[in-house]
1. With the structure loaded, tell me whether A:L203 is at pLDDT 90 or above, touching a helix residue (DSSP H, G or I) at 6+ places or on another chain (Cβ under 6 Å) and surrounded by fewer than 18 Cβ atoms within 10 Å (Cβ to Cβ) or whether it fails that test.
2. Going through the stretch B:293-320 one residue at a time, which ones are touching an Asp or Glu at 6+ places or on another chain (Cβ under 7 Å) and surrounded by 21 or more Cβ atoms within 10 Å (Cβ to Cβ)?
3. Which numbered condition in (1) more than 14 Å from every other protein chain (Cβ to nearest Cβ); (2) part of a helix (DSSP H, G or I) is the only one that B:E290 fails?
4. Residue under question is B:S245, and the condition is that it be hydroxyl-bearing (S, T, Y) and outside any helix (DSSP H, G or I); does it hold?
5. Testing A:F248 on (1) surrounded by fewer than 20 Cβ atoms within 10 Å (Cβ to Cβ); (2) out of contact with any Leu (no Cβ under 8 Å at 6 or more places or on another chain), one condition comes back false. Which one is that?
6. Looking at B:R299, B:R279, B:R285 in this structure, which one is within 14 Å of chain A (Cβ to nearest Cβ) and more than 26 Å from B:E75 (Cα to Cα)?
7. What pairs come out if I take residues in the stretch B:64-90 that are more than 14 Å from B:S109 (Cβ to Cβ) and pair them with residues that are of a type outside the set (A, V, I, L, M) and assigned to a helix (DSSP H, G or I) whose C-beta lies under 6 Å away, six or more apart or interchain?
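The values are calculated or read from the model by the stated rules, or taken from the named source; none is laboratory data. Since the structure is predicted, the reported quantities are computational estimates derived from the model, not experimental observations. Don't worry about glycine lacking a Cβ; one is built from the backbone with ideal geometry, like all the others, and counts go over all protein chains shown.
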Amino acid sequence: MEFPYVSATRRQLMVDLVSMVEDHLQSLLQPCSLPPDVRNFKNPNGSAEASLHIRSGEKSSPIDFVIGSWIHCKIPTGASLNITTISTFLNSSTRAPNFTFEVIQSSPTSLVIILDLLPRKDLVLHPEYIKEFYQDTALESHRQSLLKVPGIKPYVSPSLFVRSGFSPAVSVLKLDVEEEERLEEIMRDHVSPAAKDVLMVWLERCAREEDEKRVMGEEEKRELERRDKSFRKKNVEDDLELKFPRMFGEEVSSRVVHAIKEAFGVL
Amino acid sequence: MAMIFCNTLYSSSPSLSPLTSFRTKPSRFSKKLRARVQFRSMEDHDDHLRLKFMEFPYVTATRKQLMVDLMSTLEDRLQSQLLPCNLPPEARSFKNPNGSAEASIHIRSGQKSSPIDFVIGSWIHCTIPNVVSLNITSISAFLNSSTKAPNFVVELIQSSPTSLVLILDLPHRKDLVLNPDYLKEYYQDTNLDSHRQSLLKLPEINPYVSPSLFVRSAFSPAASMLKIDVEEEGTLEEILRDHVSPAAKEVLGVWLERCAVEEEEKRVMGVEEKLELERRDKSFRKKSIEEDLDLQFPRLFGEEVSSRVIHAIKEAFGVL
């Protein structure tokens, strides 16, 4: 997968993360089956361009699908908005968290990072889930380390729903610097290792659960399905359905959103 | 209850300045309190213990005023729905035998017909001269499973004259990812996040992140979890009076109007939903007590006092 319009460091990081996922999960993933006009699409007037890469998991695997994407959109100030994302979604044969890494940049000297293992159960009702997937993982220590780096501050999403979807150890950060090179440094020396480490934790602990750990009652499976569906549905509504028509026009947008909803299982 | 107490004790650096004792002066409000208490002396025969709780000793006048105002508002508005405090006296006011820690708890259960399970006010004072000085004041209100509405919590944790942690929230009682309507009804439509945003505009106020992952996940996405750090004590008082106090009173107002007094028709709930609420409420209370009290109280108050008090709290919380 290519990642144009972004800096070399960022492109490298995204490519590395996608490769890590595809290399580790290899036979568990089917090839991308999106039609070409959903894999790459643009606004007819040329003001925005995007690419989507979705690979579903094999029926027997715990992977529902993995999704990589980038969006490039010109904004009135003359700058451009660049979003690069990689997320993995597990199915109801496992309760393990999902992985997400997103970089949102709208100026050469500032950007927002989201790095998380998204919980798939209510943590107040299931405090043992916190112990199992967060207590002994590196997620929280990466959050703390990143916040110590000059130029990095916490960022709070304007959306309450987005906030409520994150884990308590999520890194939601704003990078604000004087010079672009500093941004590259931070991405290369701090963000990149953290993102790769968290993805590795996900690949080792969440994506490849041994069969005996994955035995789950009908009740639990149904709960997971309901919660996963609610999360995906609301995300598509709040994010894509709201923004895509403006960015890409009605026609392109509805085609793409339909394909995403189909992959997400929320048609 | 003092939810993040244990975590604060071990995460904040010990105060190096000698403990400053803030004695409360007799003032107008204590006269009003006495009058109100006399009027209700028939209902609440534990007046003197309630008064002792409402003294909120060891904290500044502004902070005490805030706690008293909030507790009074809560009790006045919910009057007919609340039973008198029936904690045993030794659980209402207790201290460490060696005098290094002192606390007071005030729990009032709701009538069977009301949506209130109980309201709880408490303060904890812990001091080891030149090592640590901790003052926690909190008020929480817990609803029962006849309603799904959020609870209310306000907590101030102070470990030095110039820094304080504030928690102000309507903690949700349903999974927000599974129930986005809940988010809309109680958080978006009430504009709850605006308080957090306004408070954060002050240069002395920054976000506070609890060391406990569980605590983080129990608070709503609109929670004010804030650290106030000032140069001079006077500034802290100003901030409490001019910013924290109005915000806390508004949030309590929202809770009283939207959550605590739900009309009968809104409160019809299926058995399934009630059971879910009960399970979740119980999980929250159990884990909170484990992480907070079970861990810290024995160290602060000694085994004997601690186990007696925790037993009484667990009973009130329904997690014995």
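1. On the way: at pLDDT 90 or above: yes; touching a helix residue (DSSP H, G or I) at 6+ places or on another chain (Cβ under 6 Å): yes; surrounded by fewer than 18 Cβ atoms within 10 Å (Cβ to Cβ): yes.
In short, yes.
2. Taking the stretch B:293-320 first, the residues touching an Asp or Glu at 6+ places or on another chain (Cβ under 7 Å) are B:308, B:310.
Scanning the stretch B:293-320 gives no hits.
3. (1)
4. For B:S245, the condition - hydroxyl-bearing (S, T, Y) and outside any helix (DSSP H, G or I) - is not met.
5. Here A:F248 meets the rest and fails (1).
6. On the way: B:R299 fails: within 14 Å of chain A (Cβ to nearest Cβ); B:R285 fails: more than 26 Å from B:E75 (Cα to Cα).
Every option except B:R279 fails the conditions.
7. From residues that are more than 14 Å from B:S109 (Cβ to Cβ), the pairs are B:L66/B:S245.
Each row is one residue, and each column tells you yes or no for (1) aliphatic (A, V, I, L, M); (2) away from chain B (no Cβ under 11 Å); (3) surrounded by fewer than 19 Cβ atoms within 10 Å (Cβ to Cβ).
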{"residue": "A:L117", "(1), (2), (3)": "yes, yes, no"}
{"residue": "A:K121", "(1), (2), (3)": "no, no, no"}
{"residue": "A:E128", "(1), (2), (3)": "no, no, yes"}
{"residue": "A:Y134", "(1), (2), (3)": "no, no, no"}
{"residue": "A:K174", "(1), (2), (3)": "no, yes, yes"}
